[in-house]
Amino acid sequence: MVAQPEAGRIRVLAPDLANQIAAGEVVERPASVVKELVENAVDAEATRIEVTLRGAGVDEISVRDDGSGMTADEAVLALVRHATSKLASEEDLRRIATFGFRGEALPAIASVSRLRLVTRRAADPEGAEVIAEDGEAPSVRPAGVPTGTSVTVRDLFHRTPARRKFLKSPRTELAACVRAVEALALGAPGVGFMLRHDGRLLRRFLPQARAADRVREVLPDATLHEIAGSFEGLDVLAFLSGPHEAAAGSGALDTLVNGRRVSDRSVVAAVLAAYEGTVERGRIPRGVVYLNLSPAAVDVNVHPRKEEVRFANPRQIYSALLHVLRAGLAAAPWRGALGPAAALPAMRPWEPSWRGPAPTWVGTESTTGEQAVPWTHAAAAGDPVQQSLGVLGRPNDAPAPRGGRGALVFSSLEPVGRLFLTYLVCEGDDRVVIVDQHAAHERVVFEDLRERLRSGPLPSQALLSAVPVPLPADLLAVLEDERDAIARLGFDAEPFGPDRALLRAQPVQLRGDPAAALRDTLESLRHGAGAEGGVLEAALATVACHSAVRAGKPMSDAEVRALLARMDSADFDAWCPHGRPAWAVIARAELERMFGRR
């Protein structure tokens, strides 16, 4: 009978067990391994890095570089926990200028996989091969290999099968690996990258002299405005989209601090503040923001996977970044002649964002009984408010207008004007009601869609020809993993190659750019798993947003009155599904006080 250790006694963990515990912090998924190995290659001053995956990285990950390489003794020592060439003193820890520094990644990876490392320095006549498996002491032997280092990791988590159960689908894990390589490529534009999976080339980035050229490689379909400047010790280089191209979720914006991709809320807040409220709530401009500052002014040793940093003076960083971005955005092309302090105009909200001919659809009839015509502009297909009333109208037994909202009945109001082609000014019962036409219509459409979804999938409208939609790898993974949710929302789409989807049908009520609607819907679903509860409702809100009349779109008197009537008959709330106010009331007494009449 094996003796059990006495409970409650303090002991030193076995090295292999300690490494597995460390792996739980450092090695979360295959993408974590890719990130750590590629960062080591960049630190070794590689000019070319090749990443090869099998089985989404679970079966095998291979990272090969042409960097400085190691001696045989160094290669063995690299598999010892806390062995590193990047720190020598406490002062070095205060000024970290490399990606790696803890000496934990390789031993942690080796503890949960079968690892093979081959390496050679340019000055050495032969290289070395080191094999580490199952926590055993590594074996080493001479090897004839080119200059540089190659690390192969097989059977990830084979010793911890419970960890494998927490992995996502192969498509999702592969997407995370692709995203990791893209982020690392953004941080090292002078390095060439190649990524293959199961023998297929997924990404190839050539060495670039300018960060702008690398950004164009990684984000080829984005229209970005370049901003460069320095202020109070902070160097900023940003590539940002217009507010009309902002995307849902923080994944649309990459932030790199001294070349390291990190997540930082203050940076996102500064970017949104620089847009001066022109970006819809819950959305973030697409693009990349590079921040370079003294290594002594930033602590990268605050997160196990180094995904967050702590600034010595966060307020100063926020203010400096905001100063540079505001100055740069003043010359952004979407501002036109309005100047930096003026409100932005509507940015052609009904035009498609893809290049090439616009799609057409068939399979349903219009609300007038005529066959749908080729799609070019939403206005050509009819008034969006009236169409939503016809396509999405409630049945004849719809409930009567509600008497809540302080006895406010929208249909009893008299429309008297419009402000900025966005706000409807209505009068009635000794008060002025100002309605945000987009937010109000979005709420109406959302309530109709939610009611329809209770009885089955939303109706779809087939496109005459399938539309290719460029998508990043993570959204392609969502498209594959959430097929049921996508179908319930009225989309018919599937992955088509490594970087795009094929859209065959869209929700019948959708008005505007179906490609943008699909992207935003996938982004909403990306923040959760499954098609239940709040996750599906968030995606439904996205569909409603793309189905509602836009700010800046003229509305006829008939459309205005139709919208007000629908606000009565719908289960209306004072907020749009994304949390913005849909209407506001100014009492006559308040107006009279403003003008000194009371």
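Brief remarks on what is shown
- Note on the range 138-221: Cα-Cα pairs beyond 21 Å make up 49% of the total pair count.
- Å² per residue, accessible surface of the range 458-546 at 1.4 Å: 31 Å²
- More than 22 angstrom apart: percent of Cα pairs within the range 439-553: 26 percent
- With only Cα atoms counted, the range 484-530 has Rg and Dmax values of 10.6, 30 Å.
- Mean-position separation - Cα centroids, the range 536-598 and the range 192-267, in angstrom: 37 Å
- Quarter of Cα convex hull surface for the range 192-265, i.e. mean projection, nm²: 6.8 nm²
- Using a Förster distance of 51 Å, the FRET efficiency for A312-E590 (Cβ separation, nearest 0.05): 0.60
- With distances taken between every two different alpha-carbon atoms, the range 131-281 has a Kirkwood hydrodynamic radius of 19.0 Å.
- Equivalent ellipsoid of the range 551-592: semi-axes from √(5λ) of the C-alpha gyration tensor, largest first, are 20, 16, 13 Å.
- Global form of the range 410-452, assessed from the alpha-carbon gyration tensor, a/c cut-off 1.5: oblate
- Cα centroid of the range 145-187 to Cα centroid of the range 39-59, whole Å: 9 Å
- Both the radius of gyration and Dmax for the range 466-511 are 10.2, 30 Å, in that order, over alpha-carbon atoms.
- In Hz, Karplus ³J(HN,Hα) per residue of the range 59-74 (6.51, -1.76, 1.60; θ = phi - 60°; x = Gly, Pro): 6, 7, 10, 10, 10, 10, 9, 10, x, 6, x, 9, 6, 4, 5, 5
- Hull shadow area, averaged, the range 432-485 [alpha-carbon convex hull, nm²]: 6.4 nm²
The values are calculated or read from the model by the stated rules, or taken from the named source; none is laboratory data. Just so you know, these numbers come straight off a predicted model, no measurement behind them. Quick reminder, even Gly has a Cβ in these numbers, built from the backbone with ideal geometry, and neighbours come from all protein chains shown. The area values use the complete protein model at the heavy-atom level, side chains included, leaving out ligands, DNA and RNA. Shrake-Rupley method; radii C 1.70, N 1.55, O 1.52, S 1.80 Å.
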